[in-house]
Amino acid sequence: MTAVRETRNAVRAIDQNKPADAISALERATGKLEIVLARTPDLALAPIDDAVITYDVIGTVQDVERIRAAAKAAFDRGRMQEARRLMDGLASETVLSVTNMPLGTYPAALKEAAALLHQGKPQDAKRVLETALNTFVVTRTIMPLPLARAQSAIEEGRTLMEKSNRTDAESVRLGSLLARARDQLRLGQALGYATEKEMSDLVRAVEDMERRTSGKQQARGMVEPTRPMFDAANKASQPPKSN
């Protein structure tokens, strides 16, 4: 972050016709990055900023399916913008965005700009620096809330599933947790998270838990197999990698 700040200082110094100040700022920026690279020479992307945004859907599976049908009808009529607006709110997720500096190219750009300043070409140096400041890589990690809520409910119900002498109140509580997990998975399915098969498999796993723990039945070892299923579903929900 210090290197980025000094890069911007160099651009301002060029605008103020202070090439010596710009060179000094670039030297400080380069020095910081050399320390980073000396410490971790294989580091390709250095995180410099992050942001977390959460979106949620207030509605039922049926509400989501109605909007999906309306969006598909608009799409089929060629009404792309209408379909886009309808789909815009169909997300229930927390998105972690991390801005990364590409260490394979950024330090070289600073050195090139410094060389251009020494050659008396401040505007060429400025263009190089502005390009470097616009080539950060943003990586996004999506955490679908229906998957997180479903898994949390299942994990919370694990002890009750495996308890041999549940009370009536505990059985009601377990039933409520599994129903919540099932409903959240169906919501995630309607919202299009993961693949259809992955979501269907998770729904069936929860329904199997409900059957095998109905009444006061005890069921062991049902939670562990769902963990890799949730991992796979979360992985399949990630956006394509892009800059």
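The values are calculated or read from the model by the stated rules, or taken from the named source; none is laboratory data. Owing to the predicted nature of the structure, the values given are computational and were not obtained by experimental measurement. Here the Cβ is made from the backbone with ideal geometry for all residues, glycine too, and neighbour counts use every protein chain on show.
Residue 78 satisfies every condition listed in (1) part of a helix (DSSP H, G or I); (2) out of contact with any helix residue (DSSP H, G or I) (no Cβ under 9 Å at 6 or more places or on another chain) except (1). Each residue in the range 1-54 was checked for being of a type in the set (Ser, Thr, Tyr) and over 18 Å from residue 128 (Cβ atoms), and 3 of them qualify.
All of 229, 209 fail the test of being surrounded by 14 or more Cβ atoms within 10 Å (Cβ to Cβ), without any contact (Cβ under 8 Å) to a residue 60 or more places away in the chain, in the same structural domain as residue 163 (by TED's automatic domain parsing) and under 21 Å from the mean Cα position of the chain (by Cα), apart from 229.
Beta carbons closer than 8 Å, at least 6 apart along the sequence or on distinct chains, pair a first residue in the range 148-160 that is assigned by TED's automatic domain parsing to the domain that holds residue 222 with a second that is of a type in the set (Val, Ile, Thr) and assigned to a helix (DSSP H, G or I) for 150/206; 151/226; 154/206; 154/226. No other residue among 22, 69, 74 is modelled with pLDDT of 90 or more, of a type in the set (A, V, I, L, M, F, W, C) and surrounded by fewer than 16 Cβ atoms within 10 Å (Cβ to Cβ) apart from 69.
Every condition in (1) over 29 Å from residue 189 (Cβ atoms); (2) under 28 Å from the mean Cα position of the chain (by Cα); (3) of a type outside the set (Gly, Ala, Ser); (4) at pLDDT 95 or above is met by residue 112 except one, and the failing one is (2). Scanning the range 32-62 for residues that are loosely packed, with under 13 Cβ neighbours inside 10 Å, within 20 Å of residue 111 (Cα to Cα) and touching a helix residue (DSSP H, G or I) at 6+ places or on another chain (Cβ under 9 Å) returns a single hit, 34.
Those helices (runs of 4 or more DSSP H) of the range 138-243 in which 2 or more residues are of a type in the set (Ser, Thr, Tyr) occupy 145-161, 168-190.
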